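The values are calculated or read from the model by the stated rules, or taken from the named source; none is laboratory data. Note that the structure is a prediction, hence the values are computed from the model and not measured. So basically every Cβ, Gly included, is an ideal-geometry build from the backbone, and we count neighbours across all protein chains shown. Calculation scope for accessible area: heavy atoms of the full protein, side chains included, ligands and nucleic acids excluded. Shrake-Rupley method; radii C 1.70, N 1.55, O 1.52, S 1.80 Å.
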Amino acid sequence: MMAFARIALLLSSLQTVSSFTQHQYCSRRLVYTQQQTRIDVACSQTSDSSSDESDSYFHHLLSQFQGDFDNYHQVLRDRNHALLPADGGGHEHIHCTLVPCPHSAVTEHRSKHEDQWILAAFYFNGNPRQIFRFRMYKLISPHGDDESSNNMDGEKVRMKLHTLSSELEQQLRQYSDQPCTWWRETYAVWLNATDVGGNEWNTFQSDGIQQLVSPLVGCDVLWDPQWDPKKHAYLNVDEYHDEITSYSTPKANQNDKNDDGCHATMEAGSKGAIVDSISLIPGKRILIKDELSLWENEFWINDRGYDPDAVDEDGTDNNESGDAVGNMPFVYGNRRGIPYKLERVSCISTRNPYGGGEELSSHQLLLDRTIIKQELAWTLGEDFREQTEYEEKLRAVEEALLKT
C-alpha cells in the first residue's frame, strides 16, 4: 500500500534532478490584500454572468473553479491533535492549482455557452516541483451551443477528467511554478505536433486540446445545483471531537443564492470507479471514490483510492465513513473520511490584459494571478518566499506534533 506521504519522497528526488530554467514572460500580477474574510473576497469571473437563470449555476461554478488552494492550516490542526498522514488519520500537505483555458478576443464573445477546459496540478508541501498529479478537466455547459448534443444531465454540470500526454506533462513540469504560462506551453506542444500554420487558436480549443489528453473512463463528476446533503455527510462532521478547534463549514456571500457552495459527486455513485493508475502506481488498478465541495474561498476534496486486488492482512474493515469497501487496503486519501480542506490562495483570471485579435501572440496566452491570502502565498513557490520562511513553515508542522 502506498500513500501520498510515501510517494512524496520519491517524487521529490526524481524531480529535483530536472533543470528548471527562469522564464521572464509569465504575467504575475501580485495584488497583496489585507487578510480578508470569506465574504470580502470576490474572485475574477472566468466568463460573463448570464442573465438567463438556467445558466447562473454554470457561470458561478466557473467563476470559482480556478486559482490556487492549499490545506496547510488543516495540516497544522491535524498535528496539533497528534494526527499523522495515512494510517495516522491525518492529512498530507497538498496544493491544488486550477488554470482555466483563456478566451481570446476572437472567442470570448462566443463563450457564453461553451465548455471550459481547465488544467489542474496537485503538489506536496507547498513545493511546485513536487507535483504528483496533472489533470485536464472539461466542464460541460448544461446548455451548450451544440444543438446536436443530447444533454441527459439536466441542470447538472458534467466534468470530464483526463490525463495528459507524456509530451505535454513533461513540458509543463519545466514550468511547474509558473501556471500562468501553462496554456501557452500547451498550445506550443500542439503546434509542434501538427501541420497547421500560423495561429490556429480556435482549432486548438475545438480539437487540439482533445488530442493532447486521454479520458479517465468512468470517472466523470457531476456538479449538482440540487445536491443531496446525504452524499456530503462530511460537511457536518466534527473532525476532532473536542472543543479545542472551532471550524465551521464555509459560507460564501450571504447575499448570494449560492451561499451553500457548489457540490459534486462521481457519476459512478458511492461504488466508485476502477481505473488503471498512471501517476501513483503505474500499472496498478485503483478503486476511486470522490466528492467535492467548493465555496468562494475554500475547496474540499474527499478523494480516496483503494486497492481492489488486495485485502488488508490484518482484516481491517475500511468502512469508517460508509464507503462499503470492506477490507480493501487504502492507497491514498484520509482514513477517517475527512476531506482535504484547501483554502484559496489566489485567483487566476482568464481576462487577458493584452487584449487580442485574429493574431494571437505569446503574451495573449498568459494569465493574471491575484494573491488573495497573503499568509499562504509562500506555497506558490520560490518566487513567493525566502528559503528561511519555507523551512520555518515546515518546521512549524513538526513542532506542532511534538507538542502533543
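To keep it simple, each residue is scored yes or no on (1) of a type in the set (A, V, I, L, M, F, W, C); (2) buried (at least 19 other Cβ atoms within 10 Å of the Cβ); (3) modelled with pLDDT of 95 or more; (4) farther than 14 Å from SER141 by Cα.
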position	(1), (2), (3), (4)
ASP48	no, no, no, no
TYR57	no, yes, no, no
LEU61	yes, yes, yes, no
PRO102	no, yes, no, yes
THR107	no, no, no, yes
ILE118	yes, yes, yes, no
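Take the conditions exposed (fewer than 15 other Cβ atoms within 10 Å of the Cβ), among the charged types (D, E, K, R) and either out of contact with any Pro (no Cβ under 7 Å at 6 or more places or on another chain) or at pLDDT 90 or above (or both) and apply them to LYS341. Does it pass?
no
Here SER346 meets each of (1) modelled with pLDDT of 55 or more; (2) over 29 Å from TRP183 (Cα atoms) with one exception, condition (2).
Looking only at the stretch 170-181, decide whether some residue is surrounded by fewer than 19 Cβ atoms within 10 Å (Cβ to Cβ) and either of a type in the set (A, V, I, L, M, F, W, C) or modelled with pLDDT under 95 (or both).
As a first pass, look at the stretch 170-181 and keep what is surrounded by fewer than 19 Cβ atoms within 10 Å (Cβ to Cβ): 170-171, 173-175.
Subsequent filtering for residues that are either of a type in the set (A, V, I, L, M, F, W, C) or modelled with pLDDT under 95 (or both) retains none.
No, because not a single residue in the stretch 170-181 is surrounded by fewer than 19 Cβ atoms within 10 Å (Cβ to Cβ) and either of a type in the set (A, V, I, L, M, F, W, C) or modelled with pLDDT under 95 (or both).
Mind listing whichever residues of the stretch 265-305 are more than 15 Å from GLY218 (Cβ to Cβ) and over 16 Å from the mean Cα position of the chain (by Cα)? Result: LEU280, ILE281, PRO282, GLY283, LYS284.
All of (1) at pLDDT below 95; (2) among the polar types (S, T, N, Q); (3) closer than 29 Å to TYR332 by Cβ hold for SER111 with one exception: (3).
Residues in the stretch 52-93 that are under 20 Å from ASP368 (Cβ atoms) and free of Cβ contacts under 8 Å to residues at least 24 places away in the same chain: HIS59, SER63.
Find the residue count for the stretch 66-91, including only residues that are in a loop (DSSP other than H, G, I, E, B) and either in contact with a strand residue (DSSP E or B) (Cβ under 6 Å, 6 or more places away or on another chain) or open to solvent by 10 Å² or more (accessible area, probe 1.4 Å) (or both). Steps first, please.
First pass over the stretch 66-91, keeping only residues in a loop (DSSP other than H, G, I, E, B): 66, 71, 81-85, 89-91.
This time we only want the ones that are either in contact with a strand residue (DSSP E or B) (Cβ under 6 Å, 6 or more places away or on another chain) or open to solvent by 10 Å² or more (accessible area, probe 1.4 Å) (or both), so: 66, 71, 81-85, 91.
So the count comes out to 8.
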